[in-house]
Amino acid sequence: MVHVDDIHAAVRHVYQAALAPDEWHAALGSVVKVIGGPKAMLNELTGGATGFMVSAGLEPDCVSRLNREFESRMPGWIDAIPVGASVRQSAVIADAEFRRSDIYNEAVRPAGGFYGVVASLVRTPLRQVYFTVGRELGAPDFSNQDVDAMNLIVPHLINALEVGSRLARANVQVQSALDVLDCVSVGVVLFDMALRPVFVNRCAEALASSGDGLVLRKNAVTATKHAETLALQQAMAKSVGLHDLKRDAGERVMRNPAPMRCYLSRDPPRRPLVVRVMPFCMRERSWGSGDSRESKSACGVLLVTEADRPLNLDLNVLVETFQLTRREAQLAMLLTRGCDLAEAASMLAIGIGTARGYLKEVLSKTSTHRQAELVALVLRSSLQVFECADDR
């Protein structure tokens, strides 16, 4: 007799598995207990090949055999099961005919089984998912009550698979975003509600590696000076507070705001790091790797730049955008970096007259009239946002 508590436990385990795929084995065990079949398999066919798969009470060799049968010659009676329905094998194929079938002789018989119930959970042109529960050879067939119990759980299996698929897609999107952040030429630190860093890109790691100005620990982001640490963490706390929708908006306005831009001193002659603190929202996901993964949610971001870092300008952008020659583009970049015309001419090993001629051409091609306008245009158009692999 099926107990309601067992069904509730199975459903709970199924949804736990949707959030943590490693829990599918335990979930399958709970479901099998409800239905009363010691052998079970949840398998997915993606593009005709086996994808996600978990089993209970089956040897690996038997699982492989069953998968091969599903991949190569799906029995017609299984292929005809409507999505969301559970079908008892004996209801669609006679025992004698089943004994002669390929799936029985190639997979079920070697596993020591006979009677089974199959549910179709997903069926699209590219993806099919089936849930199968079986009993040992010689055991009685599944009863109507057993099938009814399976039908109670099947909708939750379908929902859990959909949740798992959406989470997997979201994790891919999040990882893609993190990969992009890892390449930008600005330090990026994502932090959670407790002000702990949950993601640090390569640039931020490099800035913090010397322990001068910015200090990154497992559970905190600090500065080398105590007063600057307090200012930084106050700004981070304010950023996190902007996520608190329960807080009265008037109260937020009336409170003394923490600075959203901080400066972290470094040993002379190095200039301070400039840190901009902003609210940020990234849905919970697993950060890190291995068994130590912890689910965290990013609530704020630090953008860290060096005040004394040389401008990272892209010569090719100037050449291609404004149809400059490489010499004209080099002159424009030197002027943007603070050189005067004579210094730029010397660095390019050309005469001052030639440099004036280049400048005249550059002003004409960029539709600017003064050197200050040219510098502003170059800064807007050719700053390199991403670091190339060779730059790391």
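Since every read-out is calculated from the coordinates, none of them should be taken as a lab result. Keep in mind it's a predicted model, so treat the numbers as computed, not measured. Here Cβ is always computed from backbone atoms with ideal geometry, including for glycine, and neighbour counts include all displayed protein chains.
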(request) With springs connecting C-alpha atoms under 10 Å apart, model the chain as a Gaussian network and identify which of 42, 311, 181 has the largest mean-square fluctuation. (result) 311
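I need 169, 271 ordered by Cβ neighbour count within 10 Å, fewest first.
169, 271
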(message) Just want to confirm a number: the relative contact order over segment 4-172, from Cα pairs under 8 angstrom separated by 6+ residues, in percent.
(response) 28 percent
(request) Pick out which of 261, 370, 127 has the largest mean-square fluctuation in a Gaussian network model of the chain, springs linking Cα atoms closer than 10 Å. (result) 370
(message) Quick check: residue separation of residue 323 and residue 278 times 0.36 nm, minus the Cα distance between them. What number comes out in nm?
(response) 12.4 nm
(message) If I fit a long axis through the Cα atoms of helix 352-365 and take the longest principal axis of the Cα atoms of the chain, what angle between them do I get, 0 to 90°, rounded to 10?
(response) 50 degrees
(request) Could you tell me whether segment 315-391 comes out rounded, prolate or oblate from its Cα gyration tensor? Rule is a ≥ b ≥ c as square roots of the eigenvalues, rounded for a/c under 1.5, then prolate if a/b exceeds b/c, otherwise oblate. (result) prolate
(message) Taking amide H atoms as placed 1.01 Å from N in the peptide plane, list the residues 5 or more away in sequence, or in a different chain, whose amide H sits under 5 Å from that of residue 198.
(response) 190, 191, 192
(message) Among 53, 150, 347, which one shows the highest mean-square fluctuation when the chain is modelled as a Gaussian network with alpha-carbon springs under 10 Å?
(response) 347
(message) Report the number of Lys pairs in the chain whose alpha-carbons are under 22 Å apart, with separation of 8 or more residues or on distinct chains.
(response) 6
(request) Tell me the label-point distance for the pair residue 193, residue 68, using the 7 Å Cα-to-Cβ offset, in nm and rounded to one decimal. (result) 5.2 nm
(message) I need 280, 131 ordered by Cβ neighbour count within 10 Å, fewest first.
(response) 280, 131
(request) Taking H placed 1.01 Å from N in the peptide plane, check which residues at least 5 places from residue 213 or on another chain put their amide H under 5 Å from its amide H. (result) 224
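What value, in deg cm²/dmol to 500, does the helix sum -39500 (n - 2.57) over DSSP H runs of n ≥ 4 give at 222 nm once divided by the residues of the chain? Walk me through the intermediate numbers first.
On the way: 15 runs with 174 residues, N = 392.
The helix-only estimate for the chain comes to -13500 deg cm²/dmol at 222 nm.
Sum up the charges of everything whose Cβ sits under 15 Å from the Cβ of residue 262, counting Lys and Arg as +1 and Asp and Glu as -1, but leave residue 262 out.
+4
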(message) Just to be sure I understand the curve: with the Debye formula and one point per C-alpha of segment 4-172, what is log10 I(q)/I(0) at q = 0.08, 0.11, 0.18, 0.20 Å⁻¹?
(response) -0.21, -0.41, -1.17, -1.47
(request) Note the angle between two axes, namely the Cα long axis of helix 371-382 and the longest principal axis of the Cα atoms of the chain, as a number of degrees from 0 to 90, rounded to the nearest 10. (result) 10 degrees
(request) Would you order 141, 340 from fewest to most other beta-carbon atoms within 10 Å of each residue's own beta-carbon? (result) 340, 141
(request) Measure nothing fancy, just the Cα-based angle from helix 24-35's long axis to the longest principal axis of the chain, in degrees from 0 to 90, nearest 10. (result) 30 degrees
(request) Take the Cβ-Cβ distance between residue 218 and residue 173 as r, set R0 to 35 Å, and report the resulting FRET efficiency rounded to the nearest 0.05. (result) 0.85
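Dividing the convex hull volume of the Cα atoms of the chain by its residue count, what figure in Å³ per residue is obtained?
Here the figure is 225 Å³ per residue.
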(request) With label points built 7 Å along Cα→Cβ from the Cα atoms of residue 209 and residue 143, find their separation and express it in nm. (result) 6.9 nm
